[in-house]
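The values are calculated or read from the model by the stated rules, or taken from the named source; none is laboratory data. Here the structure is a predicted model, which means the values were calculated and not measured. Note that we place each Cβ from the backbone using ideal geometry, even for glycine, and neighbour counts take in every protein chain shown. With ligands, DNA and RNA removed, areas are computed over all heavy atoms of the protein, side chains included. Shrake-Rupley method; radii C 1.70, N 1.55, O 1.52, S 1.80 Å.
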Amino acid sequence: MRSEPVPPSRFGLGQSVRRVEDQRFLTGHGRFVDDFQFAGQVHAQVLRSPHAHAEIRGIDVTAATELSGVVAVLTGDELAADGIAVIPPGATAQNRDGSDMFVPPRPALAQGRVRHVGEPVAVVVAESIEIARDATELIEVDYETLPAVTDTGSAMDPGAPQLYEGAPRNQCLDWEKGDRAATEAAFAAAAHVSSLELVNSRVVVNPVEPRACIGLWDADGGSFTLYNSGQAAHNVARTLATAVFQLPMERLRVISPDVGGGFGTKNFIYPEQVLVLWAARRLGRPVRWTAQRTEGFLSDTQGRDHVMRAELALDGDGRFLALRIVTTANIGAYVSTFGAMIPTNPVAVVLGGTYDIPAVHYHVREVLTNTVPVDAYRGAGRPEAAYAIERLVDLAAAELGLDPVALRRRNFIRPKAMPYKTAMGSVLDCGEFARVLDRALGQADAAGFAARRAESERRGRLRGLGVASYFEATLGPPNERSAVRFEEDGTVTILVGTMSNGQGHETTYAQILHQRLGLPFEAIRFVQGDTGAIPSGFGHGGSRSMQIGGNALLLAADLIEEKAKRIAAHHFEAQEADIELASGACRVVGTDLAVDLMDLAKIARDPSRLPEGMAPGLDAAGDYAREATTFPNGAHIAEVEIEPETGVVHLRAYHVVDDFGTVLNPMITMGQVHGGVAQGIGQALMEHTVYEGETGQLLSGSFMDYCVPRADDMPTLEVAFEAVPTKTNALGVKGCGEAGCIGALPAVINAVVDALKPLGIRHIDMPATPERVWRAIRAATSGD
Amino acid sequence: MGGYLRPGAVQDALEALDRRGLTIVSGGTDFYPARVGQPLDDDILDISGLAELRGITETDSHHVIGAITTWTDVIRASLPPYFDGLKLAAREVGGLQIQNAGTVCGNICNASPAADGVPPLLALDARVELSSRNGVRSLPLTEFIIGNRKTARRPDELVTGLTIPKPANPAMSGFLKLGARRYLVISIVMVAGVLERAPDGTVAAARLAVGSCSEVARRMLGLERVLAGRPIGPELGSAAMEEHVELLAPIDDVRGTAEYRQEAALTLVRRLLRALGSAP
Ligand SMILES: Cc1cc2nc3c(=O)[nH]c(=O)nc-3n(C[C@H](O)[C@H](O)[C@H](O)COP(=O)(O)OP(=O)(O)OC[C@H]3O[C@@H](n4cnc5c(N)ncnc54)[C@H](O)[C@@H]3O)c2cc1C
């Protein structure tokens, strides 16, 4: 038999296969939580605190209850009476002295005190959402307002208002990592120290689809079903069942259908989920809730909000000796699911970036304030780390009169040094940071920048080039199970515990299976986000899905191949060793005897056609546990032009070169980078979360004042991949979902500061709005 | 829910207004967003059916912008260059959907300090035509808008249109806006201007207005006087001085501080004059 070379498949790995889910999304056939309707359903509206900090002296629900069409008005009293437990954090941390951090109780409805504007105080359930809204207006709450604290930097000041007795000076965690003594010694011996006060500004996440959930109660089975616009069905089910409602996990099924964006914020356990389930059980009717955009601003977890003092020690040759960071992280009024964890290890794991730094010490204090809780937001900890080191490197270069690119090159961890263990204990298996940066510099025509700057100067504009070498680590839970099921109708279903909420997983997982087993791409179906259909899963986050879920799918495919070959051998009465799998069929080598995998799946259902003792079915599940953390990295180069009279920053060019390891679908990956960079540019230049100091009101509470970037605010993004595949997983992937957001913050701000450097400006905080830039220029030029 | 009336003739609308207080709704793009979350119990007079008030007409001495003329109508109309500033403003009102529904008259009747239409209309010396059962009166735009969201309209009156005099000399115009971004956000400062060219190449007349920096957009009368008679050229920009923007009284808010607005207003005025001065 002639062996033909297999043509590269249109649907194989490395191909820019069009997203199969987009047909559904673009034609209005996607099904989001709010699209599900149930007979007998009622609507919930949450009454939220108008005050940032207040004592609740009483709640009068009489008028609301009497409104026709109102089914129930519930407050924290009923919640307590029904024994509904508080929402626990999903992860906590220990203080430096070994004691546990302070975790305040977080009931789904406020009990006695409210601690941020937007905190749920009561819930009205009614026959229509309009009635429910009208009824919330009739609830009378007697508040005694208290002084509020919202500012991160001053939350620990002795005179600051206190949120909890158990958290003196509002501090709930005091955490450190690294060798303090070695770091101090290195600083003492340094030829130069660069230091900077940095703010990694707070952002409102704003996924396009608002949060939404529907609670169902099955009285006969004594079990709940929650439809939830979420990113982590199993974790939500586990926490709500076992901790909040004190039920076995099997009695609470969570279904997350199509989800319109999450960026982290939909990973978490929220009061509204508790409320719809609890109300459904009390009323015996389905209870639905969908956030309005304003509620999203006031109750979706927000991102970042770190104030840092960052210091870099260098020797006389410009080599990095040590890095020291002291952070105050504002985690809001309560400890959200991963809110306390994000400022700890997820920062530490990449602290020091792509550089060889012998000593690093990281100290973080978390504070509770009268603001919306903060939790993981795209990048979660790693943008904070990347921003700090990349700003410091530029600052050190400026102070020492060195070229920032040359200073980076001098200090990069060299490929020859791999595997390399960082001062924070991360072990890098591979990475070629200089190669990636050089390619980006070429792509951005860095050599031509001086001429472009001169041209801008002639027009009275300031031009800047900002370089960032970002360094990420893929995080999130280390396990995942991916399963493959051959259906009677000739389709094949992939079932995963990860959770696409816009990342195109329906396509990439199918590409993996198609490539590995040769199954027809069009026959592959996809199931995710349903604890009733999938036994275990750890959801979305940490850029982990392909690394963990994708490799689990490969393991499932291995099992399928093994079994298919045995069945084929039995079928053809051949030796197992003589069976090969190619193009989706098992073939007896050297003959034209072949049987399609789809036909084998049918054969496998019939016990009489199987080898002795073999269990029927070709279905398989692969369990994968992360063998090693992967380290996506890359270079971002931003070029800006600034109008000195108004401070307006124009992004003129933006270049990215990423090392994501093996790229499974370049088009989808590119889309992830574009979205991430857009969010990073938004944080760096536009998105400004403003809480009014004394009242704690969120002043930037709508899109009229909170400025998210739109297409016309973006320059053309030039993105290229420079793959250095990792050998720590079979797919060779490193992860790509968060990277854009990590590189963009330092690249944009470095560019802005580079443009302003001739005026003697050494730093500007995010967002670099026109007014901030104008102020910096004015302060620098007026000499005060 | 209150009453709802959508007459097809102006006379019917005026009679209805004469009978009782009604809330006028035109494109609804200011009205509805301001009512989100509130019961809609006003008695409404929807004027979108008054087809005779749509479009821009021309007489020997004037252009008339009918009450229900949308921003898109303005953009598409063929108009002399001194309307360029109004057209530029039209392109920056909200997005396309807003421009298709929102009207120029709605913008001035709403009287927001940040209304994009007001500075260019001030620079055009627009007058507001107010009709009631008892007749028609006409007010200069400066006397029509009397405060933040306050106008001189009587409850029985309907704004039926805006009249814009034809300048005595060839004229050009412009509009500049500064915001956190160009579209879909409230501006920090905007500036509009019309420059009339005398036969000898000097400024025959200049009209400039700044919005978003005071309760009501302001004409820069002092600066206008300084400009008159100067040769038209890019150096017109340097005629604008700090003293000329002192009449502004901007506020501090999340979008910008007063100090920044004042300074940015001066910069934008200078830029606009430089651009108008350099135009061919
Ligand atoms: C998303 C969005 C973005 C926007 N962006 C901008 C922007 O960039 N710049 C800007 O300036 N505006 C903006 N607006 C505001 C609005 O679109 C404009 O002011 C528009 O011109 C209003 O016209 P309208 O016909 O929709 O007014 P309506 O909402 O119908 O009416 C506004 C007010 O004027 C009164 N009124 C209307 N017509 C008459 C009349 N003929 N006689 C008497 N009273 C009348 C009404 O009673 C009401 O009080 C935006 C609005 C939205 C929703």
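In Å, what Kirkwood hydrodynamic radius results for region A:582-720 from the alpha-carbon pair distances? Before the final figure, lay out the partial values.
Numbers: mean 1/r = 0.0469 Å⁻¹.
Hydrodynamic radius (Kirkwood, Cα only) of region A:582-720 equals 21.3 Å.
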Integer Hz, Karplus 6.51/-1.76/1.60 couplings in order for region A:681-686, x for Gly and Pro: 4, x, 5, 5, 10, 10
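Viscosity 1.306 mPa s, temperature 10 °C: what is the translational diffusion coefficient of region A:175-262 from Stokes-Einstein with a Kirkwood Rh over Cα pairs, rounded to a whole number of µm²/s? Before the final figure, lay out each step's value.
Numbers: Rh = 17.5 Å.
Estimated diffusion coefficient is 91 µm²/s.
Suppose only helical runs count, i.e. DSSP H with n ≥ 4. What mean residue ellipticity at 222 nm does that imply for chain A under -39500 (n - 2.57) per run, divided by all residues and rounded to the nearest 500 deg cm²/dmol? Before the final figure, lay out the partial values.
Working: 19 runs with 205 residues, N = 784.
About -8000 deg cm²/dmol.
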What ³J(HN,Hα) values, in whole Hz, does the Karplus curve 6.51 cos²θ - 1.76 cosθ + 1.60 give for region A:603-613 when θ = phi - 60°, with x put for Gly and Pro? 4, 5, 6, 9, x, 6, 9, 10, x, 2, x
Rank B:Ser173, B:Ser61, B:Ser48 by mean-square fluctuation in a GNM of chain B with C-alpha springs under 10 angstrom and give only the top-ranked residue. B:Ser61
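Hey, what's the Cα Rg ratio for region B:26-91 versus the globular rule of thumb, 2.2 N^0.38 Å?
Working: Rg = 15.1 Å, N = 66, 2.2 N^0.38 = 10.8 Å.
Against the empirical 2.2 N^0.38 Å value, I get 1.39 for region B:26-91.
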Per-residue accessible area, 1.4 Å probe, largest first, puts A:Val208, A:Val326, A:Val350 in the order A:Val208, A:Val326, A:Val350
Spherically averaged projected area in nm², based on the convex hull that wraps the Cα atoms of region B:4-165: 9.2
Taking +1 at the Cβ of each Lys and Arg and -1 at the Cβ of each Asp and Glu, which of A:Ala730, A:Ile87, A:Phe268 sits farthest along the dipole of chain A towards its positive end, judged by Cα position relative to the Cα centre? A:Ala730
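If you put +1 on each Lys and Arg Cβ and -1 on each Asp and Glu Cβ, how big is the dipole of chain B around its Cα centre, in Debye rounded to 20?
Working: 30 positive and 32 negative charges, 86 e Å.
The dipole of chain B has a size of about 420 debye.
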Name the shape class, rounded, prolate or oblate, that the alpha-carbon gyration tensor gives for chain B, where a ≥ b ≥ c are the square roots of its eigenvalues, rounded holds for a/c under 1.5, and otherwise prolate holds if a/b is larger than b/c and oblate otherwise. prolate
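Give, in nm to one decimal, the length gained when the segment between A:Arg24 and A:Glu399 is fully stretched (0.36 nm per residue of separation minus the Cα-Cα distance).
In short, 129.6 nm is gained.
For each pair in B:Lys87/B:Lys177; A:Lys565/A:Lys727; A:Lys563/A:Lys602; A:Lys416/A:Lys734; A:Lys757/B:Lys177; A:Lys565/A:Lys734, compute the distance between the two Cα atoms and list the pairs where it is over 24 Å.
Numbers: B:Lys87/B:Lys177 13 Å; A:Lys565/A:Lys727 27 Å; A:Lys563/A:Lys602 13 Å; A:Lys416/A:Lys734 19 Å; A:Lys757/B:Lys177 27 Å; A:Lys565/A:Lys734 32 Å.
With Cα atoms farther than 24 Å apart: A:Lys565/A:Lys727; A:Lys757/B:Lys177; A:Lys565/A:Lys734.
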So what is the orientation-averaged projected area of region B:118-157, using the convex hull of its C-alpha atoms, in nm²? 2.8
As an exercise, use a Förster radius of 41 Å and the Cβ-Cβ distance of A:Met667 and A:Val326 to find the FRET efficiency, rounded to the nearest 0.05. 0.45
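For chain A, which whole percent of the accessible surface, found with a 1.4 angstrom probe, sits on carbon and sulfur atoms? It would help to have the intermediate numbers written out before the result.
On the way: 14380 of 28390 Å².
Using a 1.4 Å probe with all protein chains present, chain A comes out at 51 percent carbon and sulfur.
Quick check for me: using +1 on Lys/Arg Cβ and -1 on Asp/Glu Cβ, what's the dipole size of region B:4-165 about its Cα centre, in debye to the nearest 20? Let's see the in-between values first.
On the way: 15 positive and 20 negative charges, 43 e Å.
Dipole of region B:4-165, to the nearest 20 debye: 200 debye.
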Mind listing the Cα extents of region B:171-278 along all three principal axes, in Å, largest one first? 47, 27, 20
Can you tell me the FRET efficiency between A:Asp712 and B:Arg54 if r is taken as the Cβ-Cβ distance and R0 is 25 Å, rounded to the nearest 0.05? 0.25
³J(HN,Hα) across region A:697-710 via Karplus (A = 6.51, B = -1.76, C = 1.60, θ = phi - 60°), whole Hz, x for Gly/Pro? 6, 7, 6, 9, x, 8, 5, 5, 10, 9, 9, 8, x, 10
Mind checking which of B:Thr70, B:Thr59, B:Thr163 has the largest fluctuation in a GNM of chain B, springs on alpha carbons under 10 Å? B:Thr59
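Excluding ligands, DNA and RNA, what is the solvent-accessible area per residue of region A:476-625 at a probe of 1.4 Å, expressed in Å²?
Values: 5840 Å² over 150 residues.
Heavy-atom SASA per residue in region A:476-625 reads 39 Å².
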Got a sec? Charge dipole of region A:1-139, +1 on Cβ for Lys and Arg, -1 for Asp and Glu; which of A:Leu26, A:His53, A:Pro107 is way out at the positive end? A:Leu26
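Is region A:357-478 best put as rounded, prolate or oblate by its Cα gyration tensor, with a ≥ b ≥ c the root eigenvalues, rounded for a/c under 1.5, and otherwise prolate when a/b is larger than b/c, oblate when not? Intermediate values should be presented prior to the final figure.
Details: a/c = 2.10, a/b = 1.35, b/c = 1.55.
Note, shape of region A:357-478 comes out oblate.
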For chain A, give the magnitude of the charge dipole about the Cα centre (Cβ charges: +1 Lys/Arg, -1 Asp/Glu; no others), in debye to the nearest 20. 1440
I'd like to know which of A:Val364, A:Ala63, A:Ile214 lies farthest towards the positive end of the charge dipole of chain A, counting +1 on Cβ of Lys and Arg and -1 on Cβ of Asp and Glu. A:Val364
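I need the shape label for region A:415-485. Rule: rounded when a/c is under 1.5, else prolate if a/b > b/c, else oblate, with a, b, c from the alpha carbon gyration tensor.
Values: a/c = 3.16, a/b = 2.25, b/c = 1.41.
Judged from the Cα gyration tensor, region A:415-485 comes out prolate (a/c at least 1.5, a/b above b/c).
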Cβ-based net charge around A:Leu163, under 11 Å, with every Lys or Arg adding one and every Asp or Glu removing one: +2
If you rank B:Lys150, A:Lys421, A:Lys727 by how much accessible surface each has, with a 1.4 Å probe, what is the order from largest down? A:Lys727, A:Lys421, B:Lys150
log10 of Debye I(q)/I(0), alpha-carbon scatterers only, for region A:502-609 at 0.11 Å⁻¹: -0.42
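Summing both sides, how much accessible area is buried between A and B? Use a 1.4 Å probe and give Å² to the nearest 100.
Numbers: alone 29280 and 12910 Å², together 40360 Å².
Adding both sides of the contact gives about 1800 Å².
Can you give the convex hull volume of the alpha carbon atoms of the protein assembly as shown per residue, in Å³? Spell out each step's value before the answer.
Numbers: hull volume 222.8 nm³, N = 1064.
Given the Cα convex hull of the protein assembly as shown, per-residue volume reads 209 Å³.
Using a Förster distance of 41 angstrom, determine the FRET efficiency expected from the C-beta separation of A:Ser536 and A:Asp578, and round it to 0.05. Show your work: numbers first, answer last.
On the way: r = 37 Å, r/R0 = 0.91.
Using R0 = 41 Å, I get an efficiency of 0.65.
Please give the per residue volume of the convex hull enclosing the alpha carbon atoms of region B:84-143, rounded to a whole number of Å³.
Working: hull volume 5.5 nm³, N = 60.
Per residue, the Cα convex hull of region B:84-143 comes to 92 Å³.
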Measure off 7 Å from each Cα along the Cα-to-Cβ vector at A:Ser154 and A:Glu184, then give the distance between these two points in nanometres to one decimal. 3.1
Ignoring ligands, DNA and RNA, the residues of region A:619-658 whose accessible area with a 1.4 Å probe is reduced by 40 Å² or more relative to the chain alone are A:Glu645, A:Thr646
Rounded to the nearest 10 Å², the 1.4 Å probe accessible area of A:Arg57 is 140
